[in-house]
Amino acid sequence: SAPLLKVNDLQVSFKMFAGEVQAVRGISFTLNKGEVLAIVGESGSGKSVTAQTIMRLTPSPPSYIKAGSILFDGKTEVTKLTEKQMQKVRGEEMGMIFQDPMTSLNPTMTIGKQIAEGLRKHQGLGKSEALERAVELLKLVGMSNPEERIGQYPHELSGGMRQRVMIAISLACNPRLLIADEPTTALDVTIQAQIMDLLRDIQQKTGTAIILITHDLGVVAEMAQRVLVMYAGKVVEQGELNDIFYHSRHPYTWGLLSSTPRLDSDRSGELYSIPGTPPDLYAPPKGCAFAARCPHAMKICRERDPEHFSISDTHSSACWLNHPDAPKVTPPMAAGG
Ligand code: SF4
Ligand code: MG
């Protein structure tokens, strides 16, 4: 059957006073029904813009879809929908969980009302039915005393509970696609684990597909089936979990894996520490965008964009080292070889 989502050569730019920021520079990937796909990369790699563009949530202007296609369920061309059509898709097919629930919850409205709102609008439920369903959803996301909770306001809840409420709201429409953008970054480490357990549990119960955006490879390992690695607005490597964690063929991924805090340390959530900084996306460099930071950069890397070399049916890497005539380089041990 058709994939749930097929993104083809998507390009998204922001027209700013100083010039055009090329945030997403031609990415392609598919997401199958019920699949969990992780998008990883440093901040500024274009992963959030990609997610927000799928939901058509980037402000326009200044952002615009410069080229490419986002085909949902084999028939809906998301890039062509009006805001009104898109509201329907967001209310019925796609849900999104953001990093900071406080910015997406309405502080002046009880959480019961906020969950019920979407149910009434998109599923035509009456007031009491919608509140009943809100209670069920709060149970589903593991909130105790849901009957009392529905009368509370966001500020009366802890950060972890607010995130549970956000998850309940995103699940209200029985979405076939859930996008979670750094869903635990703003939370304490112990609460992070609980929220990830919850998401995994919900995925298994509902069978929804998830795009999980994160800089935490520990979270990826626990939850995703496939991984896209993004750098400077492009996909530089993609593959199944095993391909990326144990057989990566891209120096940027090696860097991410080497700088990932150990799972048993309390440093999870710490930012990557690959030396150097990503390129300026007002004026992306010629050739491989990682060349300035790559210990293996060759002359060709600075001249020509690397092709997407196919490593296997499931795995591809946009790095010249995969060319048959390139020098053989051994990945660092920390990258798993
Ligand atoms: Fe490094 Fe060249 Fe590969 Fe880019 S293409 S990651 S610069 S070796
Ligand atoms: Mg982000």
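Assorted remarks:
- Filtered by the rule that a residue be more than 16 Å from ligand 2 (Cβ to nearest atom) and part of a loop (DSSP other than H, G, I, E, B), the stretch 205-247 gives Gly207, Thr208, Ala224, Gln225, His247.
- Residues that are more than 12 Å from ligand 1 (Cβ to nearest atom) and over 23 Å from Glu240 (Cα atoms), drawn from the stretch 303-327: Asp325
- Residue among Ile70, Ile39 that is within 16 Å of ligand 2 (Cβ to nearest atom) and closer than 30 Å to Asp201 by Cβ: Ile39
- Residue satisfying all of: in the stretch 23-36; over 14 Å from Gln11 (Cβ atoms) and of a type in the set (Val, Ile, Thr); nearest to ligand 2 (Cβ to nearest atom) among these: Val36
- Residues of the stretch 137-164 that turn out to be touching a residue at least 60 places away in the same chain (Cβ under 8 Å) and either crowded, with 19+ Cβ neighbours inside 10 Å or not hydrophobic (A, V, I, L, M, F, W, C) (or both), as a count: 3
Throughout, read-outs are computed from the coordinates displayed, never taken from laboratory work. Every value quoted in this text rests on a predicted model; they were computed, and no experiment measured them. No Cβ is skipped: glycine too gets one built from the backbone with ideal geometry, and neighbour counts run over all protein chains shown.
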